[in-house]
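Student: Can you read through this structure? Questions will come right after.
The values are calculated or read from the model by the stated rules, or taken from the named source; none is laboratory data. Note that the structure is a prediction, hence the values are computed from the model and not measured. Positions of Cβ are generated from backbone atoms using ideal geometry, with glycine treated the same way; all protein chains shown enter the neighbour counts. Ligands, DNA and RNA are stripped out before the accessible areas are found, and what is left, the full protein with its side chains, is counted by its heavy atoms. Shrake-Rupley method; radii C 1.70, N 1.55, O 1.52, S 1.80 Å.
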Amino acid sequence: MRKLLLLLLLCLSSAGWAQIRIDQFPAGPVKLTDGWRYQKGDNLAWADPRYDDSGWQKLAPKRNDECAPACWYRLRIELPQGHAPLAFFLEAFAGATEVYVDGRRAGDLQFLPWWLQREPTEHVVAIQGDNGTVVLAIRIHVPRVSDDYFENTKVRAEIGSPETAQWAADLNKEDRLLEFVLSGAVNAAIFIAGAGALLLFFGQRGRREYLWLGLYLVLLGSSFAFLSGSQDALLPGIANDLYADPAIYLFVLAQVEFTYAFIGRHPNRVWRVYEGLLLLAPVGAVLCATRTVSTDLYFLFESVVTLPAAITLPFLLLYWRRRGNREARWLIAPSLFPAAGVVITNLPQFAGRLGWDVSWLTRPMYLWDDVRLYAYDVADLIFLLAIGVVMFFRFSRLAGEQARSAAEMSAAREIQRQLVPAALPTLPGCELEAAYLPASEVGGDFYQVLRQPDGSWLILVGDVSGKGLKAAMTGALAIGALRALAAEMVSPAMLLTRLNQQMVAAQQGGFITCLCASVAADGKIVFANAGHLLPYRNGEEVQLVGSLPLGIHEGETYEQTTVELDPGDRIALLTDGVVEAQSADELFGFERTRRLSQDSAGSIAAAAQLFGQQDDITVVTLTFAPALELQV
């Protein structure tokens, strides 16, 4: 794949200058590695080919930790007579390097603002004329955004024909892009997975774990993508300093929130303080980027800030698992990998200062050709796969629960339709109206109008405690028992007493409030109340003897109250969905209910619903009108 690079180097020291001689050129460009002179500082006179650099240090422009803030490299090259057109191939830090050939600035290398500087990139510089000697001078200003002087003074130089120099540049660019491919693909997969989790959250706003997992993966993938992109010169170095590093604190915060949301908890006050620190920590990355604080100090700060989550979360998950949260065990192993990625990235940065050689942590693994993968990419990939498996089983379980809940809700709504009559019967001498407005959840409100053998009518309004299928089934059980008892011609008090005994014996759990009224054709109403709201007569409460709701105490007895209606009197029976309707800052309340109790059932229910419905609303009104032509 690569052409053979033949290195012909002769180190000469004539006239006190650094010099090499090239007698002939092979098929490819010749590497320029020996014969260089180095001088720290910055002086444009050093570009002059006549300048005497014999007092300079002999040092090849590979890596140098003494260059800051600026330095020069010079090399005199003696070429064969009558040589063909030639060019230099140079790989140098973009934006921090200038090149001079025979005293004239050449090529596209130039100094750029610090926020545009990149890692070494490839450049081709033509050699003008056919002189027998060429002086190559390289001027370097160490980038302000990096303390890594050792790396940022690296320059790779080769000489050959314009075609072979361009070939070397293209090959170097291809290698640089290949180095990014796999790492970029891993981080792109993490980012896309995060976007998918966010879409799941927007479809299921109640699942906070999808929100925090999505933010975590988006930040994790983009952070390490920016890191790899800046290392391979696809992005300016500042992209790592001002995004990749600050994003670390944000994805640690998202990891904390995701962990708590996954197990159905909220972080306590200590974790909230820690999250506040994480939100402030990106300021440290900015101070490091502008060299207000040293790189060593910053990496120590970054490790100290992110370490609590890395160490504590796995132990918390283990603790919650032992306390009975079975799902917590799924996250214990995956939670270790993101922390491992941060440690792998940071540890080599300051371990060398302590005399530890852990450089192997940051060495890329070359899978084939120049396609490489870093250790932190492997850690993040393992985490993505592990969390993918965890969330798949989590999603499958929740989907099953939602399907069962939907089936229960459908069954409950079907039962609920049986708790209210499809049509109201006609009562002799009375006008009867009813309104039923169910809430979003299936509740247990019910009302029934049942004819008794003596020609009187039973009107019952009740409310089953709880929601959903269980409440609906309890209500259906009560309706069945009520219909059987009504056929036996028992009094309202006895009906409630026997119904209470049946509900206690059924052991359904919960309770039922119920108001029972027996209405005769002459306007006499007999009331019995089991813990329900009092009825209203012409806008005033009818005082009844109170008793416990049904289903609480088997020996409970209920008393009756008789009311004689005058023509035009209106009775209103309702459930607590009316008085408990709530706006942004207040309840509908008893006083509003009392004032509206003389309106029609539909008007009362609509007013409560408009105010802010919280529960099922049921209203039954009866107006005594004995002068009307009645149909039995």
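Student: Which aspartates and glutamates have a Cα lying under 15 Å from the Cα of residue 154, excluding residues fewer than 8 positions away in the same chain?
Tutor: Those aspartates and glutamates meeting the cut-off are 34, 65, 66, 91, 98, 119, 122, 232.
Student: Just to verify a number: FRET efficiency for residue 395 and residue 311, C-beta to C-beta distance, R0 = 41 Å, to 0.05? Let's see the in-between values first.
Tutor: Details: r = 29 Å, r/R0 = 0.70.
The pair residue 395/residue 311 has a calculated efficiency of 0.90.
Student: Determine the order of 56, 114 by accessible area, beginning with the largest, at a probe radius of 1.4 Å.
Tutor: On the way: 56 20, 114 55 Å².
Largest to smallest exposure gives the sequence 114, 56.
Student: Ignoring ligands, DNA and RNA, please state the percent of accessible area on segment 49-182 from carbon and sulfur, probe 1.4 Å. Mind showing how you got there, number by number?
Tutor: Values: 2900 of 5790 Å².
With neighbouring chains kept in place, the figure for segment 49-182 is 50 percent.
Student: May I pose another question? For Cα pairs less than 8 Å apart in space and 6+ apart in sequence, what is the mean separation divided by the residue count of segment 23-107, i.e. the relative contact order in percent? Working shown, then result.
Tutor: Details: 76 pairs, mean separation 29.5, N = 85.
It rounds to 35 percent for segment 23-107.
Student: Here's something else I'd like to know. Keeping all protein chains in position, work out how much accessible area residue 105 exposes to a 1.4 Å probe, and write it in Å² to the nearest 10.
Tutor: Roughly 120 Å² of residue 105 is accessible to a 1.4 Å probe.
Student: Within the accessible area of segment 199-336, what % is carbon and sulfur when the probe is 1.4 Å and the other protein chains stay in place?
Tutor: The C+S portion of the solvent-accessible surface of segment 199-336 is 69 percent.
Student: Using just the alpha carbons, could you tell me how many Å³ per residue the convex hull of segment 229-278 encloses? Mind dumping the intermediate values first?
Tutor: On the way: hull volume 3.4 nm³, N = 50.
In segment 229-278, the Cα convex hull volume per residue is 67 Å³.
Student: In nm, to one decimal, how far is the modelled label at residue 43 from the one at residue 483, with both set 7 Å along Cα→Cβ?
Tutor: Inter-label distance under the simple model: 11.0 nm.
Student: Taking only protein heavy atoms and a 1.4 Å probe, what accessible area per residue, in Å², does segment 170-301 have with all protein chains in place?
Tutor: Details: 5400 Å² over 132 residues.
Accessible surface, normalised per residue, equals 41 Å².
Student: Then there's this: How much of the accessible area of segment 454-565, probe 1.4 Å, is carbon plus sulfur, in whole percent? Let's see the in-between values first.
Tutor: On the way: 2340 of 4450 Å².
Using a 1.4 Å probe with all protein chains present, segment 454-565 comes out at 53 percent carbon and sulfur.
Student: With a 1.4 Å probe and all protein chains in place, put 426, 621 in order of accessible area, largest first. Please report the intermediate quantities before stating the final value.
Tutor: Values: 426 85, 621 5 Å².
Putting 426, 621 in descending order of accessible area: 426, 621.
Student: Report the gain in length on full extension from residue 273 to residue 382: 0.36 nm times residue separation, minus Cα-Cα distance, nm rounded to one decimal. All intermediate terms of the calculation are to be shown ahead of the outcome.
Tutor: Values: separation 109, 0.36 × 109 = 39.24 nm, distance 3.00 nm.
My answer for the length gained is 36.2 nm.
Student: For residue 327 and residue 116, what is the calculated FRET efficiency with R₀ set at 56 Å and r taken between the beta-carbons, to the nearest 0.05?
Tutor: Numbers: r = 48 Å, r/R0 = 0.85.
Calculated transfer efficiency: 0.70.
Student: Follow-up question, since we're still on this one. Could you do me a favour and compute the accessible area per residue for segment 507-632, 1.4 Å probe, result in Å²? Can you show the working numbers first?
Tutor: Values: 5800 Å² over 126 residues.
That works out to 46 Å² for each residue.
Student: While we're here: Can you sort 524, 62 by solvent-accessible area, 1.4 Å probe, largest first? Before the final figure, lay out the partial values.
Tutor: On the way: 524 80, 62 120 Å².
Final ranking, largest accessible area leading: 62, 524.
Student: Please list, ordered by chain and number, the residues whose modelled amide H lies under 5 Å from the amide H of residue 126; skip anything fewer than 5 residues away on the same chain.
Tutor: The list, which skips near neighbours in sequence, is 88, 107.
Student: Using a Förster distance of 56 angstrom, determine the FRET efficiency expected from the C-beta separation of residue 204 and residue 58, and round it to 0.05. Don't skip to the answer; put the middle values down first.
Tutor: Numbers: r = 68 Å, r/R0 = 1.21.
Calculated transfer efficiency: 0.25.
Student: Moving on to the next point. Which length gain, in nm to one decimal place, applies between residue 295 and residue 404 when the Cα-Cα distance is subtracted from 0.36 nm times their residue separation?
Tutor: Details: separation 109, 0.36 × 109 = 39.24 nm, distance 5.57 nm.
Extending this stretch completely gives an extra 33.7 nm.
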